[in-house]
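Data block below; observations after.
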Amino acid sequence: MTTTGWAVVTGASSGLGRGFATKLASDGMPVVIVARSAGVLHDLADELRETYGVEAEVIVADLSDATAREALVADLADRDVEILVNNAGFGTLGDFVTADPDRMTEEITLNCLALTQLSRAVAPGMVARGGGAIVNVASTASFQPIPGFGVYAATKAYVLRLSLAMWHELRPSGVSVLALCPGPTDTNFFAAAGNDSTMTKRRSVSQVVQTCFDALAKGSPVAVDGAMNAVMARAAAVSPVRLALLLAKLIAGGQH
Ligand SMILES: NC(=O)c1ccc[n+]([C@@H]2O[C@H](COP(=O)([O-])OP(=O)(O)OC[C@H]3O[C@@H](n4cnc5c(N)ncnc54)[C@H](OP(=O)(O)O)[C@@H]3O)[C@@H](O)[C@H]2O)c1
């Protein structure tokens with residue numbers, strides 16, 4: 001029987017999502033874990049139940065699919081959600097002109113539309129209860145356009161801007177919203193994006209998860225993980241656009 005609200009983590013089958021789900025379960029929260037990989041999710045749910053004695057529900061869903069999103073939206077709207085971590089997302093390294101249009105649509109749908117609809121599903125309940133938190137996983141890619149990673153960086157700029165507006169709107173109701181901005185992190189992300197040998201200096205999942213919960217405790221609207229990433233993000237935001245583009249291409253997108 002659930003005595004506290006649910007923690008819902010999308011993209012919980014690997015990387016950061018698995019880290020968030022494990023941390024929340026270790027804090028004693030019942031968790032709902034969402035992704036496409038059913039077997040991995042069920043194994044994780046078993047592990048969380050056995051290790052932490054919490055409830056763990058699996059929802060297998062492709063969040064780029066409208067019907068699956070509708071079902072999850074309906075589920076979340078009816079559930080007492082204490083924290084939603086909108087973490088599912090992916091990027092695609094490569095030039096815009098040769099990008100696969102279907103993959104591009106899937107990327108924008110998952111990174112932006114799913115995150116927006118799931119946030120909208122839980123926000124009214126949180127406001128009514130006067131508390132709760134929504135963590136939207138953005139990126140250091142949110143702070144500048146990135147040639148060779150253009151669609152991804154644009155989706156994460158959207159996540160950052162939406163989250164900041166939500167933070168301002170929901171704060172008076174006692175609801176926290178955080179745009180979490182990891183830099184390169186040791187997950188499956190770069191392999192999924194098309195080149196695992198790029199950006200090899202990476203932070204760990206546990207460092208990013210710690211940054212997230214430290215920032216939530218402070219009520220911050222945005223948190224960049226790692227001091228060097230924070231400096232680079234700030235520099236990119238104030239650099240002349242041509243310089244920012246050149247540096248971004250060299251640092252992040254130039255190796256595909
Ligand atoms: N790692 C980095 O360097 C880095 C840096 C900045 C931001 N981020 C962001 O961090 C978040 C998590 O990524 P990660 O680094 O942990 O990468 P990851 O290990 O590749 O994990 C991505 C997660 O998203 C899920 N996912 C992908 N497509 C999905 C879909 N259509 N529907 C539902 N779930 C889907 C995957 O599960 P299934 O395949 O089972 O569906 C997986 O659980 C992403 O939003 C990413 O943009 C990562």
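The values are calculated or read from the model by the stated rules, or taken from the named source; none is laboratory data. This structure is a prediction, so every number in the text was calculated from the model and none was measured. Every residue, glycine among them, receives a Cβ derived from its backbone with ideal geometry; neighbour counts consider all protein chains shown. We work out accessible area using only protein heavy atoms, side chains counted, and drop any ligands, DNA or RNA first. Shrake-Rupley method; radii C 1.70, N 1.55, O 1.52, S 1.80 Å.
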So how far apart, in nm, are the two label points at Ser197 and Ala237 if each is 7 Å from Cα heading toward Cβ? 3.5 nm
Over all Cα pairs of segment 103-178, the Kirkwood radius sets Rh, and Rg/Rh then becomes 1.04
Surrounding net charge for Leu63, when Lys and Arg each add one and Asp and Glu each subtract one, Cβ distance under 13 Å: -4
Ranked from highest to lowest mean number of other Cβ atoms within 10 Å per residue, what is the order of the peptides 8-19, 101-112, 116-127, 146-157? 8-19, 146-157, 116-127, 101-112
Using +1 at the Cβ of each Lys and Arg and -1 at the Cβ of each Asp and Glu in segment 6-253, identify which of Val60, Ile83, Leu246 lies farthest towards the dipole's positive end. Leu246
Any chance you could list the semi-axes, whole Å, largest first, of the equivalent ellipsoid that the Cα gyration tensor gives for segment 173-246, using √(5λ)? 24, 19, 11
Could you list the trypsin sites (Lys or Arg not before Pro) in segment 179-256 that lie in coil according to DSSP, counting only those with at most 14 other Cβ atoms within 10 Å of their Cβ? Lys201
Based on Cα coordinates alone, diagonalise the gyration tensor for the chain, multiply each eigenvalue by 5, take square roots, and list the semi-axes in whole Å, largest first. 29, 20, 17
When you have a sec, figure out the Kirkwood radius of segment 35-161 from all distinct Cα pair distances and drop it here in Å to one decimal? 16.0 Å
Using amide H atoms built 1.01 Å from N in the peptide plane, name the residues 5+ places from Val224, or on other chains, whose amide H lies under 5 Å from its own. Cys181
I need the Debye-formula profile for segment 1-103: one equal scatterer per C-alpha, no solvent, reported as log10 I(q)/I(0) at q = 0.12 1/Å, two decimals. -0.41
Select from Asn188, Met29, Ala227 the residue farthest towards the positive end of the dipole of the chain; place +1 on Cβ of Lys and Arg, -1 on Cβ of Asp and Glu, and compute about the Cα centre. Ala227
Of all accessible heavy-atom area on segment 6-253, the percent that carbon and sulfur account for (1.4 Å): 56 percent
Could you name the aspartates and glutamates in cross-link range of Lys23, using Cα to Cα under 13 Å and dropping any fewer than eight places away on the same chain? Glu47, Asp214
If you place +1 on the Cβ of every Lys and Arg and -1 on the Cβ of every Asp and Glu, how big does the dipole about the Cα centre of segment 130-222 come out, in debye to the nearest 20? 140 debye
Would you kindly state how much longer the chain becomes between Asp102 and Ala217 on full extension, computed as 0.36 nm times their sequence separation minus their alpha carbon distance, in nm to one decimal? 37.5 nm
Tell me, in nm to one decimal, what length is gained between Glu50 and Glu169 on full extension, where the rule is 0.36 nm per residue of separation less the Cα-Cα distance? 39.0 nm
Non-local residues with an amide H under 5 Å from the amide H of Val135, with H modelled 1.01 Å from N and Pro and chain starts lacking one, are Leu84, Val85, Asn86, Leu178
Extension gain, Ala71 back to His42 (0.36 nm per residue minus Cα-Cα distance, nm): 8.5 nm
In segment 1-104, which GluC sites (Glu not before Pro) are in a loop and have at most 13 other Cβ atoms within 10 Å, using DSSP for the loop call? none
Per residue, what accessible area does segment 6-253 have, given a 1.4 Å probe and all protein chains present, in Å²? 45 Å²
